[in-house]
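Below: one structure, written as structure tokens.
Rule-based calculations on the coordinates, nothing more; no lab input. From a predicted model like this one, the values you see are computed outputs, not experimental measurements. Quick reminder, even Gly has a Cβ in these numbers, built from the backbone with ideal geometry, and neighbours come from all protein chains shown.
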């Protein structure tokens, strides 16, 4: 069981490193700093709300749709990859804060 946990943690950390190294800088170059800050804030708020509203395992699709709808209400439409990066970042931040 410990080996599986260590492998999952290693994969998760690798995904975070790749995301922060390659994808986030790419998306930052496509938007202004103010837009990025607002999108990150809105995604973070929507992810936290979705986690509270849909706390079932396997509700990932519902949570993602909630985030998409929330962003649309705020006037933001992100493509799939860009949205996934922001969501994963917000989820990681939420998990870190809950672990502390």
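So here's what we get for this one:
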{"read-out": "Choice from 14, 83, 41 with maximal GNM fluctuation in the chain (Cα, 10 Å cutoff)", "value": "14"}
{"read-out": "Normalised convex hull volume, the chain, alpha-carbon set, Å³ per residue", "value": "114 Å³"}
{"read-out": "GNM result for the chain, Cα springs below 10 Å: residue of 16, 47, 67 fluctuating most strongly", "value": "16"}
{"read-out": "Sites residue 11 and residue 61, calculated FRET efficiency, Cβ-Cβ separation with R0 25 Å, nearest 0.05", "value": "0.70"}
{"read-out": "Expected 222 nm ellipticity per residue - DSSP helices of 4 or more, -39500 (n - 2.57), all of the chain, to 500", "value": "-25500 deg cm²/dmol"}
{"read-out": "Fluctuation leader among 85, 43, 17 - the chain, Gaussian network, Cα springs under 10 angstrom", "value": "17"}
{"read-out": "Rounded tilt (10° steps) of 60-73 against the dominant C-alpha axis of the chain", "value": "20 degrees"}
{"read-out": "Between 0 and 90°, nearest 10: helix 2-18 axis offset from the chain longest Cα axis", "value": "30 degrees"}
